[in-house]
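Shown next, in structure tokens, is the structure this report addresses.
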Amino acid sequence: MTYVITGSCIKDDSCIEVCPVDCIHPKPGDPDFETAEQLYIDPELCIDCDACVEACPVDAIFAEFEIPERHDYALDLNAEFFAGRSTIERTAA
Amino acid sequence: MSRQARIAIVGAGPAGAFTAAALLRSHGDVEIDLLERLPTPWGLLRGGVAPDHQEIKRLEDRFHSETLARGCRFLGNVEVGVDVSHAELMAHYSAVIYATGAQTDKSLGVPGEDLPGSWAATEFVAWYNGHPDYRELDFDLSAKRAVVIGNGNVAADVTRMLTLGAEELGRTDVADHALEVLRSSAIEEVVVLGRRGPAQAAFTSAELRELGRLDGVGLRAPDGAELDPVSREWLDTEGTFTARKNVELLSEFAARPPQAGAARSIELRFLTSPVEIFGERRVEGVTVRRNQIVRAEDGRLAARPAGDETETIECGLVLRSVGYRAVPLPDVPFDESYFVLPNERGRVLASDGDPVPGVYTVGWIKRGPTGILGTNKRDAEETVACLVEDLNAGTLAEPERPGRDAVDALLAERNPSLVTAEGWRAIAAHELERGRAEDRPRVKLASREELLATASGEQPQ
């Protein structure tokens, strides 16, 4: 199971501040942070703790099984953002 | 400094709100006044974010709980430079932070831009969102085709607002005067012009995806499928995740069969620049020419004319959405080439390059009109870090008239219809209550008279 961030994200970084496993990217200071239109959750690392959902001021984050239909793209989109990065890159980021 | 520092933030939009919140977080021992020229706070969150994006408007709860609920005051319906001068603010506050945004639009620079029927998209946005200064604008939606010039998220927003069905519009908090006009709109087709190609479109992929999923709206992107070799190479080597998603979405749109029975349609055209907006007495069409993408000498990709051939697109409405621009503020330095307050990490600089003591800036007037809502959070943190550093170092002069009573007396004298946080609560409560009655998120009060009357406790009908 994972949580996913939808296109409503405003890149407020409240979720990054509370994530205990550092699985939300890009982070402020990362090279791709400024050009990113939203933040993404790494499904391989997410531990389903719900902290980001509570922190998000615009309710842009959902548990995988509660994604509203209009955001049905979000599960693939979050995974795709991290695709091609190695496990080391992901955990060290 | 012996007494508590008093800080004025000019402009209660997202940048001002994030700044007040950051300041209270990092240096709780301050008094903050949030000055705003409208009777309502939160700037473009209320007046810019599209009415069908209600989830984003929830940010106002966070703004409220992190600012007004924590003792920051709201002083609305006060215009700095008119009701109170910069010098007067400096006499009453330890520091002044300008967060006034970018209040005007960039021009296209083509003939006919000022013809009746040709509008800045930002005017249309302010009108449908109930900005009290724009409610009287008279948008004529009697033609069958509208042209939107620009490829950013404001262009996407106005395109959606022109094509959404009456029922969907009725579920939003679009201003009542606009709801009526939009419901009787005759527009059947919106043509969206992008100067550059699919790979360079400034839409977020979320906004682009949304355009392709509107109920009862067909979407065509005839030149979405092909990518020129220069753009293809750029995309493969330097393309952002968003650019790759956009190209993917556009080629998917290009491959769609025409949607039968759609009441309205959107056509996305790329590599197309307007050369003239024409018409006898009002807009009758736009003349366009094709562009090609080339790699400019500085290495960046640019759109250049592909030839002299032009084409006309008949239409009765043009919305120009090519960016915002900040305007100078009275008695504060202004950078005329970048349209920002000259600053270093938020400290406003005088012409000699030295910081002007006690004057700071944040948001679009600081960095230019870029980024999204959350960008202002980091921007605010940067400005606040400088201010806190100066407060701790004791480099800010004690204001001549430091008491809260002194500024309250001055403002009361200048402007008897000041709106405080209490007045704003009355406005918000009234709008939400009317919204509940109509099964809408809120029904906005969209005239200054109604807003001021409600803020002062009178009940409008």
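The values are calculated or read from the model by the stated rules, or taken from the named source; none is laboratory data. In this text the structure is predicted, and so the values were computed from the model without any measurement. Counting neighbours? That spans all protein chains shown, and the Cβs are built from the backbone with ideal geometry, glycine included.
Against the condition in the same structural domain as B:Ala296 (by TED's automatic domain parsing), closer than 30 Å to B:Asp138 by Cβ and among the polar types (S, T, N, Q), how does B:Ser251 come out, does it pass? Considered against the rule, which asks whether it is in the same structural domain as B:Ala296 (by TED's automatic domain parsing), closer than 30 Å to B:Asp138 by Cβ and among the polar types (S, T, N, Q), B:Ser251 comes out as no. Quick check on my filter: what residues within the stretch B:159-175 are assigned to a loop (DSSP other than H, G, I, E, B) and either over 22 Å from the mean Cα position of the chain (by Cα) or more than 17 Å from B:Ile266 (Cβ to Cβ) (or both)? Passing the criteria: B:Gly165, B:Gly170, B:Arg171, B:Thr172, B:Asp173, B:Val174, B:Ala175. Restricting attention to the stretch B:243-260, the residues that are in a loop (DSSP other than H, G, I, E, B) and free of Cβ contacts under 8 Å to residues at least 24 places away in the same chain add up to 2.
Determine whether the stretch B:44-65 contains at least one residue that is more than 30 Å from B:Gly316 (Cβ to Cβ) and in contact with a strand residue (DSSP E or B) (Cβ under 9 Å, 6 or more places away or on another chain). Looking for residues that are more than 30 Å from B:Gly316 (Cβ to Cβ) and in contact with a strand residue (DSSP E or B) (Cβ under 9 Å, 6 or more places away or on another chain), one finds none in the stretch B:44-65, hence no.
Considering (1) within 9 Å of another protein chain (Cβ to nearest Cβ); (2) within 23 Å of B:Lys57 (Cβ to Cβ), the lone condition that A:Thr35 does not fulfil carries the number (2).
Counting only helices (runs of 4 or more DSSP H) that sit completely within chain A, those holding 1 or more residues that are buried (at least 20 other Cβ atoms within 10 Å of the Cβ) correspond to A:14-18, A:51-55, A:74-82. Within the stretch B:142-152, the residues that satisfy the criterion of being within 17 Å of the chain's Cα centre (by Cα) and assigned to a strand (DSSP E or B) are B:Val148, B:Ile149.
None of B:Ala397, B:Ala393 is over 16 Å from the mean Cα position of the chain (by Cα), loosely packed, with under 13 Cβ neighbours inside 10 Å and touching a residue at least 24 places away in the same chain (Cβ under 8 Å) except B:Ala397.
State whether the residues of the stretch A:44-59 include one that is among the hydrophobic types (A, V, I, L, M, F, W, C), farther than 23 Å from B:Ala201 by Cα, within 11 Å of chain B (Cβ to nearest Cβ) and under 12 Å from the mean Cα position of the chain (by Cα). Yes, because at least one residue in the stretch A:44-59 is among the hydrophobic types (A, V, I, L, M, F, W, C), farther than 23 Å from B:Ala201 by Cα, within 11 Å of chain B (Cβ to nearest Cβ) and under 12 Å from the mean Cα position of the chain (by Cα). Residue count for the stretch A:10-20, restricted to those that are more than 8 Å from chain B (Cβ to nearest Cβ), out of contact with any strand residue (DSSP E or B) (no Cβ under 8 Å at 6 or more places or on another chain) and in contact (Cβ under 8 Å) with a residue 40 or more places away in the chain: 1. Looking at B:Ala178, B:Ala186, which is the one that is of a type outside the set (Asp, Glu), touching a residue at least 24 places away in the same chain (Cβ under 8 Å) and either assigned by TED's automatic domain parsing to the domain that holds B:Val49 or assigned to a helix (DSSP H, G or I) (or both)? Only one candidate qualifies: B:Ala178. If you filter the stretch B:185-210 down to residues that are within 11 Å of chain A (Cβ to nearest Cβ) and of a type in the set (S, T, N, Q), you find that the one that is surrounded by the fewest Cβ atoms within 10 Å (Cβ to Cβ) is B:Thr204. The residue that is nearest to the other protein chains (Cβ to nearest Cβ), among those in the stretch B:223-242 that are part of a loop (DSSP other than H, G, I, E, B) and touching a residue at least 40 places away in the same chain (Cβ under 8 Å), is B:Gly239.
Residues checked against (1) in contact (Cβ under 8 Å) with a residue 60 or more places away in the chain; (2) in contact with a Lys or Arg (Cβ under 9 Å, 6 or more places away or on another chain); (3) closer than 29 Å to B:Pro132 by Cβ; (4) in a loop (DSSP other than H, G, I, E, B):
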| position | (1), (2), (3), (4) |
| --- | --- |
| B:Val356 | no, yes, no, no |
| B:Glu389 | no, no, no, no |
| B:Asp408 | no, no, yes, no |
| B:Gly423 | yes, no, yes, no |
| B:Leu452 | yes, no, yes, no |
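Would you check which residues across the stretch B:74-87 are under 23 Å from B:Gly48 (Cα atoms) and surrounded by fewer than 18 Cβ atoms within 10 Å (Cβ to Cβ) and list them?
B:Glu79
Candidates in the stretch B:116-126 are the residues that are surrounded by 17 or more Cβ atoms within 10 Å (Cβ to Cβ) and over 15 Å from the mean Cα position of the chain (by Cα); of these, the one that is nearest to B:Ala175 (Cα to Cα) is B:Trp119.
Screening B:Pro357 against (1) surrounded by 18 or more Cβ atoms within 10 Å (Cβ to Cβ); (2) of a type outside the set (D, E, K, R); (3) in contact with a helix residue (DSSP H, G or I) (Cβ under 9 Å, 6 or more places away or on another chain); (4) over 28 Å from B:Phe124 (Cβ atoms) leaves a single unmet condition, (1).
Taking the conditions (1) farther than 22 Å from B:Ala15 by Cα; (2) in contact with a Leu (Cβ under 7 Å, 6 or more places away or on another chain); (3) part of a helix (DSSP H, G or I) in turn, B:Glu433 satisfies each one other than (2).
Does B:Val49 meet the test of being surrounded by 19 or more Cβ atoms within 10 Å (Cβ to Cβ), assigned by TED's automatic domain parsing to the domain that holds B:Thr383 and more than 23 Å from the chain's Cα centre (by Cα)?
The answer is no for B:Val49.
You will find that of B:Arg213, B:Arg220, the residue that is surrounded by fewer than 20 Cβ atoms within 10 Å (Cβ to Cβ) and within 13 Å of chain A (Cβ to nearest Cβ) is B:Arg213 and no other.
Looking only at the stretch B:343-390, filter to residues that are more than 21 Å from the chain's Cα centre (by Cα), under 13 Å from B:Ala99 (Cα atoms) and among the hydrophobic types (A, V, I, L, M, F, W, C); which one of those is nearest to the other protein chains (Cβ to nearest Cβ)? Selected residue: B:Val384.
The number of residues in the stretch B:303-343 that are in contact (Cβ under 8 Å) with a residue 24 or more places away in the chain and part of a strand (DSSP E or B) comes to 15. The test for being within 11 Å of another protein chain (Cβ to nearest Cβ) and either touching a residue at least 12 places away in the same chain (Cβ under 8 Å) or over 10 Å from the mean Cα position of the chain (by Cα) (or both) does not hold for A:Cys23.
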